[in-house]
1. Answer yes or no as to whether residue 4 is surrounded by 13 or more Cβ atoms within 10 Å (Cβ to Cβ), in contact (Cβ under 8 Å) with a residue 40 or more places away in the chain and assigned to a loop (DSSP other than H, G, I, E, B).
2. Given 77, 82, which one is outside any helix (DSSP H, G or I) and either within 18 Å of the chain's Cα centre (by Cα) or surrounded by fewer than 10 Cβ atoms within 10 Å (Cβ to Cβ) (or both)?
């Protein structure tokens, strides 16, 4: 079985070597035990795993969320279980985004009302000459 060094792995997966190391620290990836010279080697399947991690991140999943689903992609050949779990996460993200949008809409409306109130007050002051 061909094993990849970190530079080869990162080049093939399109990520930085530091990203590979970081994912390894988070237990999203694993390397074979270091050989003489201390170099870690990675199985060929790690390329697909890295690509899947990046795809899940592009969907908006946090690394914790990625960690909760990544193994399912490689354990369930049908792909159903991971997609059901990702769908649940995406629905939760949508609910959170809609709540944030509602709060931001309210904030915008409040700002407009405050601005209008200040402009009205300043206009009245300018007309009566009391603003000086």
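Values in this text are rule-based calculations from the coordinates and carry no lab data. Note that this is a predicted model, so its numbers are computed, not measured. We place every Cβ from the backbone using ideal geometry, glycine too, and count neighbours over all the protein chains shown.
1. On the way: surrounded by 13 or more Cβ atoms within 10 Å (Cβ to Cβ): yes; in contact (Cβ under 8 Å) with a residue 40 or more places away in the chain: yes; assigned to a loop (DSSP other than H, G, I, E, B): no.
No.
2. 77
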